[in-house]
Ligand code: NDP
């Protein structure tokens with residue numbers, strides 16, 4: 001297999017990866033960044049980002065990521081398409097396989113692989129994949145103009161997706177398993193104030209039905225063991241917004257993770273237990289998971305790389 005030696009390898013192209021690339025580029029570390037399956041990361045599936053400092057009027061997610069990419073390239077970051085498909089971190093230089101066809105031998109590695117949307121685990125989610133089931137409203141919402149959709153989840157993502165879909169669809173049901181929303185107050189208010197959104201508290205989706213695509217969802221309304229009611233709700237689209245899974249699988253044999261798979265780092269730093277290997281952004285952050293916190297940890301990781309290479 002083809003091999004290449006690099007000083008600083010960055011895996012992932014979300015706010016953490018690109019910020020690490022900006023800092024490593026400016027420090028003359030000639031960073032090589034592989035963008036992964038979703039160049040630009042999760043923010044490319046968001047519409048408006050209102051809480052990234054420096055944008056008083058907000059900025060589109062894809063636009064923000066494009067700007068970060070250009071900023072990294074301006075300082076010499078070598079940004080490439082490709083996915084890290086295997087890792088051997090048994091000794092330095094660390095070996096990362098890209099697209100199963102090339103091995104990068106890296107003196108330092110910044111893992112900024114982010115997280116991926118979770119599904120409920122229903123067989124019907126697979127059966128109707130691409131036929132009415134989606135985990136990204138901004139990617140697929142367009143197909144549901146003037147139609148009826150359901151969003152599952154009660155967090156900020158679910159509220160954001162429901163609000164976005166309400167701008168396209170004729171009706172949006174928000175399916176929430178608890179009797180309350182977990183989302184921030186401002187997002188909750190947006191949902192409650194939208195006449196097109198109906199929140200179904202204490203509901204669970206247990207299946208989907210339809211001939212050539214989703215035509216409805218089987219629901220169970222639950223208020224304790226004794227009070228359960230099953231019914232079918234006609235919908236055209238079923239959107240998941242129930243959280244994310246960190247993309248850490250290939251690193252798990254070499255690094256410590258928590259039970260969900262988030263990479264464990266030395267508190268307050270992106271340092272893993274391996275010298276020269278750092279984890280930044282959502283892959284190592286079960287708590288904050290914000291673009292700005294990811295960017296900050298990418299910055300810290302690049303500074304750590306610089307110090308490590310000097311020492
Ligand atoms: P969260 O983990 O915050 O919320 C997940 C939601 O999905 C919860 O309501 C949870 O229910 C529900 N859920 C999880 N598993 C299931 C299941 N099997 N069946 C039914 N429901 C389920 O994830 P988010 O993606 O919403 O947010 C992640 C982070 O990103 C948060 O910190 C959030 O604040 C942030 N964020 C911020 C935004 C913004 O500020 N603009 C936009 C989007 C995200 P339960 O409450 O019962 O556990």
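The values are calculated or read from the model by the stated rules, or taken from the named source; none is laboratory data. These numbers come from a predicted model, not from an experiment. We place every Cβ from the backbone using ideal geometry, glycine too, and count neighbours over all the protein chains shown.
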Report summary line: Note on residue 160: of the conditions (1) in contact with a helix residue (DSSP H, G or I) (Cβ under 8 Å, 6 or more places away or on another chain); (2) modelled with pLDDT of 95 or more; (3) buried (at least 20 other Cβ atoms within 10 Å of the Cβ), unmet is (2)
Query raised in the report: For residue 137, all conditions in the list (1) within 13 Å of the ligand (Cβ to nearest atom); (2) under 30 Å from residue 301 (Cβ atoms); (3) within 18 Å of the chain's Cα centre (by Cα) hold save one; what is the number of the exception?
Result: (2)
Report task. Taking residue 55 as meeting all but one of (1) more than 17 Å from the chain's Cα centre (by Cα); (2) surrounded by 14 or more Cβ atoms within 10 Å (Cβ to Cβ); (3) in contact (Cβ under 8 Å) with a residue 24 or more places away in the chain, write down the number of the exception. Result -> (3)
Requested in this report: Determine whether residue 304 is without any contact (Cβ under 8 Å) to a residue 60 or more places away in the chain, surrounded by 15 or more Cβ atoms within 10 Å (Cβ to Cβ) and in the same structural domain as residue 12 (by TED's automatic domain parsing).
Outcome: yes
**Report entry** One residue from 206, 217 being in a strand (DSSP E or B), within 14 Å of the ligand (Cβ to nearest atom) and crowded, with 17+ Cβ neighbours inside 10 Å
**Finding:** 217
Requested in this report: Answer yes if at least one residue in region 170-186 is more than 10 Å from the ligand (Cβ to nearest atom), touching a residue at least 24 places away in the same chain (Cβ under 8 Å) and surrounded by fewer than 14 Cβ atoms within 10 Å (Cβ to Cβ), and no otherwise.
Outcome: yes
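Condition check: more than 15 Å from the ligand (Cβ to nearest atom) and either assigned by TED's automatic domain parsing to the domain that holds residue 37 or free of Cβ contacts under 8 Å to residues at least 60 places away in the same chain (or both). Does residue 226 satisfy that?
yes
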Report summary line: The lone condition residue 213 fails out of (1) at positive phi; (2) at pLDDT below 95 is (2)
Query - Hits in region 84-101 (condition: buried (at least 16 other Cβ atoms within 10 Å of the Cβ) and either outside the structural domain of residue 13 (by TED's automatic domain parsing) or over 12 Å from residue 251 (Cβ atoms) (or both)) - result: 93, 95, 97, 98
